[in-house]
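> One structure, as structure tokens, below. Some questions next.
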Amino acid sequence: MLKDPFKLEKIAARSWCRPGERLLMRIGPRWGHIAFDIGGRRGAPHEHGGRIAVESTTEPAWPLPTEVVSSGRYHGDEWVGDPSIWAYAQAPVPAHVAVGCADGLAAGRTDAWLVLSNQRLAVVIAASAAKRPEAEPQSGGWLARARALARDAQAMVQSGEESLLTLWEARSGVIHHFGALPLGREVEPVWFGQIAFHDGSALLIRMDSRTAAESVVTAGNALFG
């Protein structure tokens, strides 16, 4: 597992960033479940349902969400009180950006990092963590792409040089707003970084402090400034 944020930055600068691209934010690695409110359907954990071609080999050992959260029978932001929830994806329809991002995070499991550059928002994992599909490829299909990505990852591992695999990405122009939100019903709020998209969807990510949540706002200022 790639745990060191500074190592991730070095790898990104060496082999992931495109010409003129620079990293502005990295959040990870993911340590809990993703709750969702998509098209009026709520619950947890969010799964990518095969929409992401490659996923991490690491099986999370996180506790399951509470029954109230998993069944979507909570009110307002009551889901914040479940410590197993790391992020929350909200979208009017499944095709919106936040759902694609949540799909990538779900596929990346404990190896997933959410990164923002001056060109794109993406979910990445270390190439060495990628699962290799066992089925035969189908020409032009997602499985062919999955096997190609896995072969590239294996080649990098064999060369002794770590790289990053992109599970999902979107151009940075899809982002409407960055925020730092205090949520929950306790006296001491829980802080979340918020990424809101132009299509009306949003992703909330639990942070360990107000300062950490405000770093998302700082990244947004760097992007839009």
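The values are calculated or read from the model by the stated rules, or taken from the named source; none is laboratory data. Note that this is a predicted model, so its numbers are computed, not measured. When we count neighbours, we look across all protein chains shown, and the Cβ atoms used for this are built from the backbone with ideal geometry, even at glycine. Ligands, DNA and RNA are excluded from the accessible area calculation, which covers all protein heavy atoms including side chains. Shrake-Rupley method; radii C 1.70, N 1.55, O 1.52, S 1.80 Å.
> Across the range 178-210, what is the total count of residues that are within 18 Å of Tyr74 (Cβ to Cβ) and part of a loop (DSSP other than H, G, I, E, B)?
Residues that pass the stated criteria total 4.
> Here is a follow-up. Here are the criteria: (1) in a helix (DSSP H, G or I); (2) of a type in the set (S, T, N, Q); (3) at pLDDT below 95. Tell me which single one Gln138 does not satisfy.
That leaves (1) as the condition not met.
> Taking Asn221 as meeting all but one of (1) open to solvent by 50 Å² or more (accessible area, probe 1.4 Å); (2) at pLDDT 95 or above; (3) touching a Leu at 6+ places or on another chain (Cβ under 7 Å), write down the number of the exception.
(3)
> Any chance the range 147-164 includes a residue that's under 17 Å from the mean Cα position of the chain (by Cα) and either modelled with pLDDT of 95 or more or among the acidic types (Asp, Glu) (or both)?
Checking the range 147-164: at least one residue is under 17 Å from the mean Cα position of the chain (by Cα) and either modelled with pLDDT of 95 or more or among the acidic types (Asp, Glu) (or both).
> Please go through the range 17-56 and give me each residue that is farther than 21 Å from Ser163 by Cα, in contact (Cβ under 8 Å) with a residue 12 or more places away in the chain and more than 17 Å from the chain's Cα centre (by Cα), ordered by number.
Passing the criteria: Gly39, Arg41, Arg42, Gly43.
> Sort out which residues of the range 158-178 are out of contact with any Leu (no Cβ under 9 Å at 6 or more places or on another chain) and open to solvent by less than 30 Å² (accessible area, probe 1.4 Å), and write them in order of number. Working first, answer last.
Going residue by residue through the range 158-178, those that are out of contact with any Leu (no Cβ under 9 Å at 6 or more places or on another chain) are 158-161, 163, 173, 176-177.
Selection gives Ser163 alone.
> Same structure again: Do the conditions hold for Ile125, that is, is it open to solvent by less than 10 Å² (accessible area, probe 1.4 Å), modelled with pLDDT of 95 or more, within 16 Å of Met1 (Cα to Cα) and not in a loop (DSSP other than H, G, I, E, B)?
Yes; evaluated as a whole, the condition is true for this residue.
> Output the number of residues of the range 1-24 satisfying the condition of being closer than 24 Å to Ile85 by Cα and open to solvent by 20 Å² or more (accessible area, probe 1.4 Å).
The number of residues fulfilling the criteria is 4.
> Would you say Val93 is part of a helix (DSSP H, G or I), of a type in the set (A, V, I, L, M, F, W, C) and at pLDDT 95 or above?
Answer is no for this residue.
> Is there a residue being closer than 20 Å to Ala170 by Cβ, hydrophobic (A, V, I, L, M, F, W, C), open to solvent by 10 Å² or more (accessible area, probe 1.4 Å) and in contact (Cβ under 8 Å) with a residue 24 or more places away in the chain anywhere in the range 91-110?
Yes: one or more hits.
> Okay, next question. Restricting attention to the range 25-59, which residues are in a strand (DSSP E or B), open to solvent by less than 20 Å² (accessible area, probe 1.4 Å), in contact with a helix residue (DSSP H, G or I) (Cβ under 6 Å, 6 or more places away or on another chain) and not β-branched (Val, Ile, Thr)?
Met25, Ala35, Gly43, Ser56
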